[in-house]
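Shown next, in structure tokens, is the structure this report addresses.
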Amino acid sequence: MSKLFNVRLAGFFLLAAILQSCTTTNPEAPSPATQNKPKTFSPFSDSPDAVARISGYVITNNDLAARLMREITPQPDYLGESKIYQPTDTRTILMKIIAEKAMLMEARRFHYQDDEEIQDSVKLLKDEKLPSLLLDDYLRDKIKVTDEEIEVKIKADPKLERDQAKQTLEGAKARELIDQFYDRLYKEHRFQKVSGNFPRAAQIYQRLMSEAAIIYSGRFVRVKQVRQLPPEDKNLVLMTCDNGQVTLKNFLLALCEIAPPSRPANLNTPEGIDGFLSNDYRAPVFVAEARAHGLDIKRDFLNEVRDREDAYLFNRIVAEVFKGVPEPNNPYDVTGYYEKHKKEFGTPDKLKIDQIWCENLDAARKAKDDLNRGVDFGSVKEEYSLDKSSGPVDVYPGTEGMFFGYLWKGEPNQIGGPIKGFYKEMLKWRVVKILSKQPGKTKEYNGSMEREVKGRLWAERRETALEKYRLRLLGEYQYQIFEERIKDILKMP
């Protein structure tokens, strides 16, 4: 089986993952154009749970709820810090999502999607997904393992459980069927190796390996090196077929998807190039068949391709906006920012609390009623809590986010709630007992704090620039909001 195949055979439906590999390239940001543009709006069929739309993008209530949770959930970096929660609401988040879609439309208007890095990433996604879709369909009803075969396998290897034996047999049959399928498709699509170019390809590979050893202190080819090749090297044809060709760039990018220790050691020879094309880089053959079956124009696949492209486009635009915000170098700006945000740089406010996490609001109300009647806190927790073994915890503004202000109003031995909180990446209702309360302390500015203060000031200025950019685009692109469908996700007690 190819090194590019991520084989996890656990039944018929796991076969969709056979050809998947891990893309590790990180996106960078392009330059958004600054010239004026007309307002545009393309109508499309409405979705019953849509809360907004802008051109070809539909935003659903589920999309909005998920994004809102990401926005309000404290991040690990803020644990224990005096991060001040910035109040938000459902509509504010919705407008942010709409503006981000406008950013993507702006990027496509100026053809940023044609950037080589984005095109490479999209092609790699297609080379992963299209073969996977094809093989999942092809193998679905072809892998049959009989009880007799399983018994024979267990008899030969008594350590195997029945499920393990079944999966092993299915895997072997899948590999055999894939090999046969590949051989047939190779002939049907008339693939041919251009072996006359293999010596040159091997020389280029050897050169890249030597460069990597000098520049990166590691003898393996990187994606960055591949992109820096001159066009005549990138476009060196290694295989042809009825409807396309495989170039050296395609070959090398596929190679870069393999962890270096697993890469063939003889790619600096024509024989190594030939072997990789025959045994490891099978995606082009399966992609050709997938396209012949129209799998590349299926809606779900196209949406996945657009999502990949969107992620790259968005990061490029954000980075370009940030480029326009210089690093603050005026010491008075830095110290002035510190004076206005002293509390964020000192010791944070801290509460020690015990809490009863409840399944729903009704359960939280019943728990609170029992406590109000004098029932012991531990007994109530035993009856109602989703986490009966939990004990007292320290919480800070950075761990409680929007809920810290409510908790801070409480005094020791006071029981508050019901109030929502973050429980295992969900919002759940709880009843909270304040055990102790320790106000934070500020500290005087000193030189060792300069880097941290400057970093926060710079981050705030970049976010301000990004917000101005989003607002500008909201005035230039037409969108529609379905107000009656927006749920009050952040409703507080």
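Could you check segment 111-131 and list, in sequence order, the residues that are under 18 Å from Asn250 (Cβ atoms) and among the polar types (S, T, N, Q)? Steps first, answer last, please.
Taking segment 111-131 as the starting set, the residues that turn out to be under 18 Å from Asn250 (Cβ atoms) are 114-131.
Residues satisfying the conditions are Gln119, Ser121.
Can you find a residue that is aromatic (Phe, Trp, Tyr), in contact with a strand residue (DSSP E or B) (Cβ under 8 Å, 6 or more places away or on another chain), surrounded by fewer than 20 Cβ atoms within 10 Å (Cβ to Cβ) and modelled with pLDDT under 95 anywhere in segment 393-406? Scanning segment 393-406, I find at least one residue that is aromatic (Phe, Trp, Tyr), in contact with a strand residue (DSSP E or B) (Cβ under 8 Å, 6 or more places away or on another chain), surrounded by fewer than 20 Cβ atoms within 10 Å (Cβ to Cβ) and modelled with pLDDT under 95, so the answer is yes. Within segment 259-278, the set of residues being among the small types (Gly, Ala, Ser), over 25 Å from the mean Cα position of the chain (by Cα) and not in a helix (DSSP H, G or I) comprises Ala265 only.
Checking each residue in segment 388-401 for being in contact with a helix residue (DSSP H, G or I) (Cβ under 9 Å, 6 or more places away or on another chain) and either closer than 20 Å to Asn360 by Cβ or among the hydroxyl-bearing types (Ser, Thr, Tyr) (or both) picks out Lys388, Ser390, Tyr396, Thr399.
Name the single residue, out of those in segment 76-96 being polar (S, T, N, Q) and under 15 Å from Glu344 (Cβ atoms), that is modelled with the lowest pLDDT. Quick ask: steps written out before the conclusion?
Quick first cut of segment 76-96, residues polar (S, T, N, Q) only: 82, 86, 88, 90, 92.
Going one step further and asking which of them are under 15 Å from Glu344 (Cβ atoms), we end up with 82, 86.
Values: Ser82: 47, Gln86: 69.
Ranking the qualifying residues of segment 76-96, first place goes to Ser82.
For Pro418, the conditions (1) within 29 Å of Ala50 (Cβ to Cβ); (2) assigned to a strand (DSSP E or B) are fulfilled apart from (1). Among the criteria (1) free of Cβ contacts under 8 Å to residues at least 40 places away in the same chain; (2) closer than 26 Å to Asp115 by Cα, the one Asp163 does not fulfil is (2).
Taking Arg175 as the residue in question, decide whether it is in a helix (DSSP H, G or I), in contact (Cβ under 8 Å) with a residue 40 or more places away in the chain, out of contact with any Asp or Glu (no Cβ under 6 Å at 6 or more places or on another chain) and in the same structural domain as Asp274 (by TED's automatic domain parsing). In short, yes. In segment 239-258, the count of residues that are over 30 Å from Glu188 (Cα atoms) and not in a loop (DSSP other than H, G, I, E, B) is zero. Kindly provide the set of residues from segment 283-303 that are within 15 Å of His189 (Cβ to Cβ) and either surrounded by fewer than 17 Cβ atoms within 10 Å (Cβ to Cβ) or of a type outside the set (Phe, Trp, Tyr) (or both), ordered by number. If the condition is that a residue be within 15 Å of His189 (Cβ to Cβ) and either surrounded by fewer than 17 Cβ atoms within 10 Å (Cβ to Cβ) or of a type outside the set (Phe, Trp, Tyr) (or both), then Ala283, Pro284, Val285, Val287, Ala288, Glu289, Ala290, Arg291, Ala292, His293, Leu295, Asp296 are the ones that fit. Exactly one residue out of Lys142, Lys126 is at pLDDT below 90 and under 29 Å from Glu289 (Cα atoms): that is Lys142.
Within segment 459-493, take every residue that is of a type in the set (A, V, I, L, M), out of contact with any strand residue (DSSP E or B) (no Cβ under 8 Å at 6 or more places or on another chain) and under 28 Å from Ser47 (Cβ atoms) and give me the one that is modelled with the lowest pLDDT. Can you show your working first?
Of the residues in segment 459-493, the ones of a type in the set (A, V, I, L, M) are 459, 465-466, 471, 473-474, 481, 486, 489-490, 492.
Applying the additional criterion that residues be out of contact with any strand residue (DSSP E or B) (no Cβ under 8 Å at 6 or more places or on another chain) yields 459, 465-466, 471, 473-474, 489-490.
Next, only the ones that are under 28 Å from Ser47 (Cβ atoms) stay: 471, 473-474, 489-490.
Numbers: Leu471: 95, Leu473: 96, Leu474: 95, Ile489: 63, Leu490: 58.
Applying the filter and picking the extreme gives Leu490.
Check Val226, Val318, Val221, Val287 and return the single one that is assigned by TED's automatic domain parsing to the domain that holds Arg207, in a helix (DSSP H, G or I), farther than 17 Å from Glu116 by Cα and under 26 Å from the mean Cα position of the chain (by Cα).
On the way: Val226 fails: farther than 17 Å from Glu116 by Cα; Val318 fails: assigned by TED's automatic domain parsing to the domain that holds Arg207; Val221 fails: in a helix (DSSP H, G or I).
Unique residue meeting the criteria: Val287.
Surrounded by 14 or more Cβ atoms within 10 Å (Cβ to Cβ), out of contact with any helix residue (DSSP H, G or I) (no Cβ under 7 Å at 6 or more places or on another chain), at pLDDT below 95 and in a helix (DSSP H, G or I), is that true of Arg456? Explain how you work it out, then say what you get.
On the way: surrounded by 14 or more Cβ atoms within 10 Å (Cβ to Cβ): yes; out of contact with any helix residue (DSSP H, G or I) (no Cβ under 7 Å at 6 or more places or on another chain): yes; at pLDDT below 95: yes; in a helix (DSSP H, G or I): yes.
Criteria met by Arg456.
The values are calculated or read from the model by the stated rules, or taken from the named source; none is laboratory data. Note that this is a predicted model, so its numbers are computed, not measured. Ideal geometry is used to build each Cβ from the backbone, glycine not excepted, and the neighbour counts take in all protein chains shown.
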